[in-house]
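The values are calculated or read from the model by the stated rules, or taken from the named source; none is laboratory data. Please read these numbers as outputs of a predicted model, since none were measured by experiment. Every residue, glycine as well, gets a Cβ built from its backbone with ideal geometry; the counts of neighbours run over all protein chains shown. For accessibility, only protein heavy atoms count, side chains too; no ligands or nucleic acids. Shrake-Rupley method; radii C 1.70, N 1.55, O 1.52, S 1.80 Å.
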Amino acid sequence: MISFASIDRKVRSGQRLDDDEALFLFESPDLLAVGELAAFANERRNGRKVFFNVNRHINHTNICVNRCQFCAFSRTADQPGAYTYDLEEIRSRTLQALAQGATEIHIVGGLHPDLPFDFYLEMLRTVRETAPALHIKAFTAVEIDYLATLAGLSLEGTLEALKQAGLGSLPGGGAEILRQEVRDRLCPEKISGDRWLEVMRAVHGAGLKSNATMLYGHVETYADRIDHMRRLRELQDETGGFQVFIPLAFQTENNPLGHLKNPLSGGVDDLKTLAVARLYLDNFANIKAYWVMLGEKIAQTSLCFGVNDLDGTVVEEKIGHDAGATSPQTMGREDIVSLIRMAGRVPVERDTLYNELQTY
Ligand code: V47
Ligand code: SF4
């Protein structure tokens, strides 16, 4: 019989939770008990430190051949608001990032029907030549799969070419909910969950680290979320290549799925999802609260619920804001530091690969 006491004993003695136990936690009405246990697991691993980084997002194009049902960002080339940056625009955003003291550029975009593989190599080289010290975290597993087709290369060959041009690591997007039945409703044109994992296995095999996300709060069930996390935990056992898990709270504006907002959604569910992730994903060092989707208040509160990473300064965010996110476009270093301090934690600026740069 599963009880909170039996789960508590397992966590405190370092044993792995199974799927039924994760479901018990999701269904528990006692948010504070789940959060306290997640905070314990986090502090055992990470102490009172909370990471953030100084970064800048660049979304090089919103033109995309896919029409994921939750996406308010993608356009066809002839739709109003469609754009593609040229290399000069990439360069000027890179220079802005440097001026802001960034250590990372985060580049993701749509699956553009016409840009050649060389454009992506040139984009990476442009950033590297403009700012050799900046780490380039770029392209979701979905984009890597698409680029491999464009390039006519294997995944390994594609990753090697991107690495040579300056790619440093991968963000965690495109995972959505890995279970195919949910994907069929969310994003039928997107690569399968199995393919997403296969690309990530190749990424880790190529010596690159990556992140992993989960888009929640739409049509999925708790069981779907647990299935998603189980597959990530299994791949992490195999490769150790994931740096952080990032649940992404679904934003409901300007997309066809908005009216299907999950009745579970809300602050309690946000905090519980982060806490269960901390407890279930025992082989992930870091759990990130992405403040852009959560809002600063829930993101800050989550630091008492097992979270140890707040992402970064971001600067120009389109994917969440096009879908109605009400958070600001950026948070300054001082704002993030003060938000972490007010939660009784120690702010630590990190680089993309989680090396500690400065403690505040
Ligand atoms: O893959 C799209 C999601 C992702 C919506 O790795 C939406 O450090 C909520 O992956 N509501 C891209 N989410 C963003 C992403 C990310 C962000 C920050 C940090 C990192 C990291 C990765 O955004 C997409 C998709 O899952 N998304 N539409 C929406 N309406
Ligand atoms: Fe395209 Fe990505 Fe939006 Fe899907 S989520 S439509 S792949 S930009």
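Assorted remarks:
- Residues located in region 85-113, provided they are part of a loop (DSSP other than H, G, I, E, B), in contact (Cβ under 8 Å) with a residue 12 or more places away in the chain and away from ligand 1 (no atom under 15 Å from the Cβ): TYR85, GLN100, GLY101, HIS112, PRO113
- On inspection, ASP269 does not qualify as farther than 20 Å from ALA72 by Cβ, more than 16 Å from ligand 2 (Cβ to nearest atom) and touching a Lys or Arg at 6+ places or on another chain (Cβ under 7 Å).
- Checking each residue in region 317-355 for being under 16 Å from the mean Cα position of the chain (by Cα) and among the acidic types (Asp, Glu) picks out GLU317, ASP351.
- Pair list, Cβ under 6 Å, 6 or more apart: region 61-84 residue under 19 Å from PHE139 (Cβ atoms), other residue more than 13 Å from ligand 1 (Cβ to nearest atom) and open to solvent by 60 Å² or more (accessible area, probe 1.4 Å): ILE63/ALA77; VAL65/PRO113; ASN66/GLU189
- Residues within region 127-171 that are within 19 Å of the chain's Cα centre (by Cα), of a type outside the set (Gly, Ala, Ser) and under 12 Å from ALA206 (Cβ atoms), tallied: 3
- Pairs, first within 26 Å of GLU317 (Cα to Cα) in region 152-174, second within 16 Å of ligand 2 (Cβ to nearest atom) and of a type in the set (Phe, Trp, Tyr), C-beta under 8 Å, six or more apart: LEU162/TYR120; LEU162/PHE139; ALA165/TYR120; LEU167/PHE139; LEU170/PHE139; PRO171/PHE139; GLY174/TRP196
- Residue in region 189-209 that is part of a strand (DSSP E or B) and either of a type outside the set (Asp, Glu) or within 15 Å of ligand 2 (Cβ to nearest atom) (or both) present: no
- ALA133 being without any contact (Cβ under 8 Å) to a residue 60 or more places away in the chain, part of a loop (DSSP other than H, G, I, E, B) and open to solvent by 60 Å² or more (accessible area, probe 1.4 Å): yes
- Taken together, GLU27, GLU43 contain a single residue that is free of Cβ contacts under 8 Å to residues at least 60 places away in the same chain, away from ligand 2 (no atom under 16 Å from the Cβ) and over 20 Å from the mean Cα position of the chain (by Cα), which is GLU43.
- Residue in region 170-180 that is out of contact with any strand residue (DSSP E or B) (no Cβ under 9 Å at 6 or more places or on another chain), over 30 Å from TYR354 (Cα atoms) and either among the acidic types (Asp, Glu) or part of a loop (DSSP other than H, G, I, E, B) (or both) present: no
- Listing of helices (runs of 4 or more DSSP H) fully contained in region 237-342 that carry 3 or more residues being open to solvent by 30 Å² or more (accessible area, probe 1.4 Å), under 28 Å from LEU32 (Cα atoms) and not β-branched (Val, Ile, Thr): 296-301, 333-342
- If you filter region 183-207 down to residues that are open to solvent by 10 Å² or more (accessible area, probe 1.4 Å) and among the hydrophobic types (A, V, I, L, M, F, W, C), you find that the one that is farthest from CYS64 (Cα to Cα) is ALA206.
- Qualifying residue in region 96-113 (condition: touching a helix residue (DSSP H, G or I) at 6+ places or on another chain (Cβ under 7 Å), at pLDDT 95 or above and over 27 Å from LEU357 (Cβ atoms)): yes
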